[in-house]
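The values are calculated or read from the model by the stated rules, or taken from the named source; none is laboratory data. All figures in this text were calculated on a predicted structure; none of them were measured in a lab. Note that we place each Cβ from the backbone using ideal geometry, even for glycine, and neighbour counts take in every protein chain shown. Just so you know, the surface numbers come from the protein's heavy atoms only, side chains and all, with ligands and any DNA or RNA stripped out. Shrake-Rupley method; radii C 1.70, N 1.55, O 1.52, S 1.80 Å.
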Amino acid sequence: MKRNLLLLSVTLLLHTSLLNGQTNIPVPEDHFKFKPGADRMLFDYEELIEYFNQLDKESPKFKLVRIGKSPMGKPIYIGFISSAENIDNLDQLKIINRELALNPEIPDAEKSKMINEGKVFVLGTLSMHSGEVGPSQASPLIAHQLVTSNNPRTLKWLDNVVYMMIPCHNPDGMDMVVNNYRKYKGTKYEGASLPRVYHKYVGHDNNRDFVILSQEDTKVIAAIYNTDWLPQVMVEKHQMGSTGVRYFVPPPHDPIAQNIDAGIFNWIGIFGHNMIKDMTRDGLSGVSQHYLFDDYWPGSTETCIWKNVIGFLTECASIYDATPVYVEPNELNAWGKGLAEHKKGINMPEPWEGGWWRLGDIVDYEISSTMSILKTASLHREDILKFRNDICRDEVERGRTEPPFYYVLPEKQHDPGELVNLVVLLKEHGVEVYRLQEDHSLEGHAFKNGDIVVPLAQPYRPFIKEVLEAQEYPVRHYMPDGEIIKPYDITTWSLPLHRNVRSFEIETRCKDFEAKIEKIEGDFNMLNSAPEKYLAALFSVKMNYSYKAAFTAIKKGLKVDRLTTNLKIKDVLYPKGSFVIYNKETAGDVLSEIVEQIGVQPGYLVEKINIEVNHFKVPGIALIETYTHDMDAGWTRFVFDSYNIPFTVIHPQEIKDKDLEGEFDVIVFPDASKSLLMKGKYSRDGKEYVSRYPPEYAKGMGKEGLKKVLEFVDKGGVVVSWGQSTALFEGIMEIGEKENKEEFQLPFRDVSSDLRKSGLYVPGALIRVQLKDDHPLTFGMPDEIGVFYRGRPAFITSLPRFDTDRRIIASFPEKDLLMSGYSEKEKLLGRKAAMVWLKKGKGQLVIFGFNPQFRASTQSAYKLLFNSILL
């Protein structure tokens, strides 16, 4: 490891700044009382921002701007680093960015002037995954080096480039991880993992949220490149495992997104090749390319490439937060795509040989890679700015000349609330959305006044097409007729299909049709005026947001009932299970506020009529969440909070001491492995592994806890379980004690392991399921939907014995299973159950083979979850 070159350069820069009179600019080591990157030392978010506030006051080359807040209320900032002249001129440079990114009609002379005056804006987002501490810990050194340098080369970079540093993408998680490290520092558990997700809700999955934009921090970061600053280059800084390559730089491995212009990938390659060259020159070994990470799926911060931004990630080998690790040479390995062994090759020309790996090493790699990115942006300033407007023009022209030309989403939908949700989301992404102003027939479809139209002749055409079409995985092989290159993450994200919103892809351009559409400006909803006086509002059970209205109304003290039979009012049918929310004059405009939040007009009862209802009661819900970075439980918490569904989090080891029957009506088990839930241990291929958590967190419910859950069901409780957690309820069960001991077996079995042995492969796809009609679990549902599915579990049922029973609620059809994404031999799923209702004693269980709330992106299945907790 040749760290001395970088350390010497930083030291020389400090002396240079002193010689040039910049004595008030805070030196990181003086501010933090240790050099960032020192062994076993970390600063927290507040200390980091305090440093940058001081830098903002003292340096004309640095400006700190608050841009939003985190899910837990912490401020999020951009630190602008550039020449003093550029910092003073940011507003004008922002206008140039916008014109180049979004205006395909700039006259050539004006375009040349903008390119001459414009600067390359490089957005760097640091440490979104809070256990990956290095990028944020390196940020003060990078900023100080840039603002104090008098090196002519660095000064030229700052003349040509504006570096937009997000010092920490995830402030909440940073403080959680730093506080956890400090808690155990100096003990045997130093470097132990944080016993929760490092985020309010979703942990590592914050880098899967950039299509649906569900989280507050995601919204803040995405707005930078969607609608606000429109940078030309973006890098997100990550870390990875400790025993592989030291650093990953672009270009990525296949497959790549088929809707992205080749020029984006070419530029990504230029930045990456310069990085590996510059970092190797700086004495940093183990840098790899074309390895492990692909560029196929949107959802990460790199979703910006679908907005014509040159976007990429870097990944550095990790340690135990700030505690060094020693890696023996025989422990070095490679996995995934691009490297078969940890040896010299074209994708890693200079391997790392092993030894001590420290936070200081990570910091060195971050400094070197960042400087290389800024250098490349500076060297190619004019070409990058020209490319940004050229690709804007090209995408608009493709939208005018290449099908598809429009996506049309009819106003009349099974769930109109999800149409409103989708339009609002597209607008948040910077997509222009239109509405048809009069009826028009096109390609055999009779579109109606009010239908939603999304033309593809827009700068963000790649994104529009990507998220509105059904996904078809670009199958590539390692060699002709060889093994396919498997995806890094999921293979489906179609917004209409995931939301069960009808959408038509139109491949015929029609100027008469275009003349009849009008751009939607401002907020979008489907509200009309309400009667001056009314007794109650009716919310159709077909709408997800009707459940939100009901839970919100109860929270605000309103009375809520549910229809027990269909009800028709003014030719509008409200199906069984729909909600009746009664107006309450003493409550002011509470119900009106609820309607406004929903965004879709309910029906109204203006006079008393006889209706058959049951009173709506909010159940007591226990949500089981492990301590082991339980993202699926976190997503469940987010969905419940979003719909105002109250719940109590219980950790598995707490179950045995809880009065389950006295406190709860429903227990929800999200997707977690049986070994984690029972023993607090990870397992793979039948082998268990000790976790990196302190012993008080590495525990499960044990046999005693499981017995309590089963007795809770037997006495009348409801259990809702999906994914891996369903294994808890398979096989021979036991309740009672001694002479009252009872053994039983629920009438279902997971057969997915047998299907996988026969070739079933589903790496996260949208699979069609058919739903049981007229059942409390399918209230408000259509006959069939697509569910997000990973190939397991898949159930078969059997004849029940004694006081058990079963009904298949969702089943896989025998053909046409794949709706979006990729799968192999999916027909093996035919006639298997995807969702089963089970009875035991006085209680009920609902088991899902799919995640009904997957990453808050499968709204088509939400009602199945809501109906389950309302059993």
Where the second residue is hydroxyl-bearing (Ser, Thr, Tyr) and assigned to a loop (DSSP other than H, G, I, E, B) and the first is at pLDDT 95 or above and lies in the range 809-820, which pairs have Cβ atoms under 7 Å and are six or more apart or on separate chains? Ser820/Thr492; Ser820/Ser494
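Rundown of residues vs (1) out of contact with any helix residue (DSSP H, G or I) (no Cβ under 7 Å at 6 or more places or on another chain); (2) open to solvent by 30 Å² or more (accessible area, probe 1.4 Å); (3) at pLDDT below 95, yes/no style:
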residue	(1), (2), (3)
His273	yes, yes, no
Met279	no, no, no
His290	yes, yes, no
Gly299	no, no, no
Glu302	yes, no, no
Ala317	yes, no, no
Pro324	yes, no, no
Asn333	yes, yes, no
Ala340	yes, yes, yes
Selection count where residues are surrounded by fewer than 18 Cβ atoms within 10 Å (Cβ to Cβ) and hydroxyl-bearing (Ser, Thr, Tyr), scope the range 397-443: 2
Tally time: how many residues in the range 491-510 are touching a helix residue (DSSP H, G or I) at 6+ places or on another chain (Cβ under 8 Å) and among the acidic types (Asp, Glu)? 1
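Residue by residue, here is whether (1) among the acidic types (Asp, Glu); (2) part of a helix (DSSP H, G or I) holds:
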position	(1), (2)
Gly131	no, no
Pro140	no, yes
Val147	no, yes
Cys168	no, no
Arg182	no, yes
Glu190	yes, no
Tabulated pairs, the range 632-658, first open to solvent by 10 Å² or more (accessible area, probe 1.4 Å), second among the polar types (S, T, N, Q) and outside any helix (DSSP H, G or I), C-beta under 7 angstrom, 6+ apart or interchain: Asp632/Asn851; Phe638/Ser214; His651/Thr626
Report the residue count in the range 316-354 for those that are touching a residue at least 60 places away in the same chain (Cβ under 8 Å), farther than 17 Å from Gly37 by Cβ and outside any loop (DSSP other than H, G, I, E, B). 3
Kindly state which strands (runs of 3 or more DSSP E) lie completely within the range 563-614 and contain at least 3 residues that are touching an Asp or Glu at 6+ places or on another chain (Cβ under 9 Å). 579-582
Restricting to the range 171-187, what's the tally of residues that are among the β-branched types (Val, Ile, Thr) and under 19 Å from Ile49 (Cβ atoms)? 2
Residue ID - surrounded by the most Cβ atoms within 10 Å (Cβ to Cβ), chosen from residues in the range 588-616 that are over 23 Å from Asp571 (Cα atoms) and free of Cβ contacts under 8 Å to residues at least 40 places away in the same chain: Val590
Of (1) open to solvent by 20 Å² or more (accessible area, probe 1.4 Å); (2) under 18 Å from Leu676 (Cβ atoms); (3) not in a helix (DSSP H, G or I); (4) not polar (S, T, N, Q), Leu706 satisfies all except one. Which? (3)
With Leu100, Leu126, Leu155 as the choices, which residue is more than 30 Å from Gln239 (Cβ to Cβ), in contact (Cβ under 8 Å) with a residue 12 or more places away in the chain and buried (at least 21 other Cβ atoms within 10 Å of the Cβ)? Leu100
Given the conditions (1) open to solvent by 10 Å² or more (accessible area, probe 1.4 Å); (2) among the aromatic types (Phe, Trp, Tyr); (3) within 30 Å of Ile391 (Cβ to Cβ), report the number of the one that Trp356 does not fulfil. (3)
Looking only at the range 776-817, which residues are hydrophobic (A, V, I, L, M, F, W, C), in contact with a Ser or Thr (Cβ under 9 Å, 6 or more places away or on another chain) and either closer than 16 Å to Leu755 by Cβ or part of a strand (DSSP E or B) (or both)? Ile785, Val787, Phe788, Ala794, Phe795, Ile808, Ile809, Ala810, Leu817
Lone qualifier among Gly417, Gly399, Gly444 - being within 19 Å of Glu521 (Cα to Cα), modelled with pLDDT of 95 or more and of a type in the set (Gly, Ala, Ser): Gly417
Go through the residues of the range 848-867 one by one and say whether even a single one is out of contact with any strand residue (DSSP E or B) (no Cβ under 6 Å at 6 or more places or on another chain), assigned to a helix (DSSP H, G or I), open to solvent by 20 Å² or more (accessible area, probe 1.4 Å) and farther than 19 Å from Ala727 by Cβ. yes
